[in-house]
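Chemist: Submitted below is the structure of interest, expressed as structure tokens.
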Amino acid sequence: MKAARESLGRAQAGVALVCLFSWLAATAWLRPLMSPDEGRYAGVAFEMLRSGDWLVPRLDGMPFFHKPPLFYWISAAAMGLLGTSEWPARLPSMVGAMLASGGLFLFLRRWSDPARANLATLVLATMPFFYVGAQFANLDMLVAGCISATLLLAAHAALSKGQGGAWRSALAGAFVFAALGVLAKGLIGLVLPGLIFLAWCAAIRRPRLAGLMAWPPGWALLLAIMVPWFAAVELRHPGFLDYFVLTQHVRRFASGGFNGEHPFWFYLPVIGVLTLPWIAWAAAALRPSRGPRAPLSEVDWLMWAWCAGIVLFFSLPRSKLIGYVLPALPPLAYLIATAALAASRKGGRWAAAPRATAIVAGLACIAGVAWLGLQSAPSGQRLRLPAGEAVGPADRVLMLGAYYYELPFYWRLQQPVQVSADWTPATVALHDDWRKELYEAGRFDPERSAALLVDVRRLPAALCVPQATWLIGASGAPAVLPWLAQARLVAVEGDTAVWQFAGSATGDPACLQPTERVLP
């Protein structure tokens, strides 16, 4: 009888996980990639698939070392199997969302109770913040999933060991996901779950459990998974580790000059607004009790340490992007579910309140995706070439005064594009944008950088050749670049246009009329 119940329980859990993934992935194909973030990361994955180089992520053909490769590996593999489209491009984020939500569900089934496991997972899956994040092609949800899996497996190992049960396989899994978290977004995949686990051990007054973090087989696993990629890239591109660790981690965390500078309290309203309507239940969790409160359980302490630790950690640096706090949502969902269950058990008008909230939240998720889909599509998706016009595999493409991240993805370009702009270091340093990304990528491949990053003063040398060039730029560019009147206008959509410039059969450097101004 016990075996039959366990088998039925596993079958029900499997069905629940399939339904969960279906919900998270159902609308991931409905809207085009958003620029710049989704265009950037999907574009790097597309280039990895196109080039066949699975070691070095590349942005416009040049080494792009802002982040590690796990997202690109999953996305590129999915596009190789399913075709180049938005759904497979976003699959890594869906995987991360399943690690977070599915892991929370299974953990709570074991260490809490089925009702709380079901409601906490429902809360998480119907938070608009989480739902849209699961369908957004950037690295935040994937690392959130890895951090969640690391913490839940480590806590499962600690609790199991405390009861004299099997713990080694769960702890090994925690180290594996910590390594994958590093390969997803960097050192936070290891540092954050480690700090939260230590805080939890202190909170439940079981400091000896912290010794699990020093388990030698776990570190052997972690290093075996994590080190090979970093070592191989450093051997191919000396200086990579200095750039990756110091510039993209230490300086980004400790100094300014990067995108998204916000005050310390920034994430409180972000979480409050983007988790509506569920966040209203958090007030019940924080409201003073009229009678004595039940002591917090070990699971309660884990969730409080986890949620507060994530929010505090990412509130410290000046650079704050919304998706950074996605790892705080699974424990927040648990705390909300706990408050909602306590209220519903009182009966009366509260009994059906969690169900009603779930319906409203689910509708808000669908509305959020629909709203994003109605926003202006990026240039690369909406700029269609007329029938009979196509960029050939060997054709040259040059972007004027901007880099359209998603255009190589939507146009299925087989070669990197040239980008014309002011590439002087002083101009590049002014903004943390596409120009800085391409310029820093070019430092690791100077030869390719010299060919692709075309200074505006070298445009005649780039265009006055015996070869036609496709030009992409602002539709108002001819007012700034009069020589575009010599080019054939192929397509225009809103503020973006495409021209074809015939070049010069003789390579005459005077084939362009002199320009008095350049694009910013």
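Chemist: Would you be able to tell me the number of residues in the stretch 382-409 that are free of Cβ contacts under 8 Å to residues at least 40 places away in the same chain and either small (Gly, Ala, Ser) or under 22 Å from residue 33 (Cβ atoms) (or both)?
Modeler: Selection size over the stretch 382-409: 5.
Chemist: Assess whether residue 403 counts as being under 16 Å from residue 64 (Cα atoms) and within 21 Å of the chain's Cα centre (by Cα). So that I can check it myself, show each step before the final result.
Modeler: Working: under 16 Å from residue 64 (Cα atoms): yes; within 21 Å of the chain's Cα centre (by Cα): yes.
Yes; evaluated as a whole, the condition is true for this residue.
Chemist: Of all residues in the stretch 434-464 being of a type in the set (Asp, Glu) and over 25 Å from the mean Cα position of the chain (by Cα), which is surrounded by the most Cβ atoms within 10 Å (Cβ to Cβ)?
Modeler: The qualifying residue surrounded by the most Cβ atoms within 10 Å (Cβ to Cβ) is 445.
Chemist: Separate question: So which of 268, 222 is modelled with pLDDT of 90 or more and buried (at least 16 other Cβ atoms within 10 Å of the Cβ)? Walk me through how you get there before you give the answer.
Modeler: Working: 268 fails: buried (at least 16 other Cβ atoms within 10 Å of the Cβ).
Result: 222 is the single residue among 268, 222 that is modelled with pLDDT of 90 or more and buried (at least 16 other Cβ atoms within 10 Å of the Cβ).
Chemist: Considering only residues that are assigned to a loop (DSSP other than H, G, I, E, B) and surrounded by fewer than 18 Cβ atoms within 10 Å (Cβ to Cβ), which ones fall in the stretch 72-94? Spell out the reasoning first.
Modeler: Going through the stretch 72-94, the residues assigned to a loop (DSSP other than H, G, I, E, B) turn out to be 83-85, 90.
Across the stretch 72-94, the qualifying residues are 83, 85.
Chemist: Is it the case that residue 217 is within 26 Å of the chain's Cα centre (by Cα) and part of a helix (DSSP H, G or I)?
Modeler: no
Chemist: Can you name the condition, by its number, that residue 54 falls short on among (1) buried (at least 20 other Cβ atoms within 10 Å of the Cβ); (2) on the phi < 0 side of the Ramachandran plot?
Modeler: The number of the failed condition is (1).
Matching residues to (1) touching a residue at least 40 places away in the same chain (Cβ under 8 Å); (2) under 20 Å from the mean Cα position of the chain (by Cα); (3) more than 15 Å from residue 278 (Cβ to Cβ):
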| position | (1), (2), (3) |
| --- | --- |
| 313 | yes, yes, yes |
| 324 | yes, yes, yes |
| 357 | yes, no, no |
| 362 | yes, no, no |
| 374 | no, no, yes |
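Chemist: Inside the stretch 10-58, can you point out the residues that are part of a helix (DSSP H, G or I) and free of Cβ contacts under 8 Å to residues at least 24 places away in the same chain?
Modeler: Answer for the stretch 10-58, where residues must be part of a helix (DSSP H, G or I) and free of Cβ contacts under 8 Å to residues at least 24 places away in the same chain: 10, 11, 12, 14, 15, 18, 19, 22, 51.
Chemist: Picking from 333, 282, 328, which residue would you name as being modelled with pLDDT under 90, in a helix (DSSP H, G or I), surrounded by 14 or more Cβ atoms within 10 Å (Cβ to Cβ) and out of contact with any strand residue (DSSP E or B) (no Cβ under 7 Å at 6 or more places or on another chain)?
Modeler: Of 333, 282, 328, the one residue that is modelled with pLDDT under 90, in a helix (DSSP H, G or I), surrounded by 14 or more Cβ atoms within 10 Å (Cβ to Cβ) and out of contact with any strand residue (DSSP E or B) (no Cβ under 7 Å at 6 or more places or on another chain) is 282.
Chemist: Determine whether the stretch 432-439 contains at least one residue that is without any contact (Cβ under 8 Å) to a residue 40 or more places away in the chain, of a type in the set (Lys, Arg) and touching a strand residue (DSSP E or B) at 6+ places or on another chain (Cβ under 8 Å).
Modeler: Looking through the stretch 432-439, at least one residue is without any contact (Cβ under 8 Å) to a residue 40 or more places away in the chain, of a type in the set (Lys, Arg) and touching a strand residue (DSSP E or B) at 6+ places or on another chain (Cβ under 8 Å).
Chemist: Applying the selection to the stretch 405-428, what residues are more than 19 Å from residue 49 (Cβ to Cβ) and either charged (D, E, K, R) or crowded, with 16+ Cβ neighbours inside 10 Å (or both)? I'd like the intermediate steps shown before the answer.
Modeler: Of all residues in the stretch 405-428, those more than 19 Å from residue 49 (Cβ to Cβ) come to 418-428.
Across the stretch 405-428, the qualifying residues are 418, 419, 420, 421, 422, 423, 428.
Chemist: Would you mind finding the one in 413, 430 that is in the same structural domain as residue 450 (by TED's automatic domain parsing) and modelled with pLDDT of 85 or more?
Modeler: The match here is 413.
Chemist: On to the next question. What's the number of the only condition in (1) under 23 Å from the mean Cα position of the chain (by Cα); (2) surrounded by 16 or more Cβ atoms within 10 Å (Cβ to Cβ); (3) under 27 Å from residue 319 (Cβ atoms) that residue 431 fails to meet?
Modeler: The failed condition is (2).
Chemist: Look through 106, 70, 99, 124 and report the one residue that is out of contact with any helix residue (DSSP H, G or I) (no Cβ under 6 Å at 6 or more places or on another chain) and closer than 21 Å to residue 21 by Cβ.
Modeler: On the way: 70 fails: out of contact with any helix residue (DSSP H, G or I) (no Cβ under 6 Å at 6 or more places or on another chain); 99 fails: out of contact with any helix residue (DSSP H, G or I) (no Cβ under 6 Å at 6 or more places or on another chain); 124 fails: out of contact with any helix residue (DSSP H, G or I) (no Cβ under 6 Å at 6 or more places or on another chain).
Answer to the check: 106.
Chemist: If a residue has to be surrounded by 13 or more Cβ atoms within 10 Å (Cβ to Cβ), out of contact with any strand residue (DSSP E or B) (no Cβ under 7 Å at 6 or more places or on another chain) and in a loop (DSSP other than H, G, I, E, B) to count, how many in the stretch 372-383 make the cut?
Modeler: Number satisfying all stated conditions: 2.
Chemist: Also, I was wondering about something else. Go through (1) assigned to a helix (DSSP H, G or I); (2) among the small types (Gly, Ala, Ser); (3) over 27 Å from the mean Cα position of the chain (by Cα) and name the single condition residue 165 misses.
Modeler: Failing condition for residue 165: (1).
The values are calculated or read from the model by the stated rules, or taken from the named source; none is laboratory data. These numbers come from a predicted model, not from an experiment. Cβ: placed from backbone, ideal geometry, glycine included. Neighbour counts: every protein chain shown.
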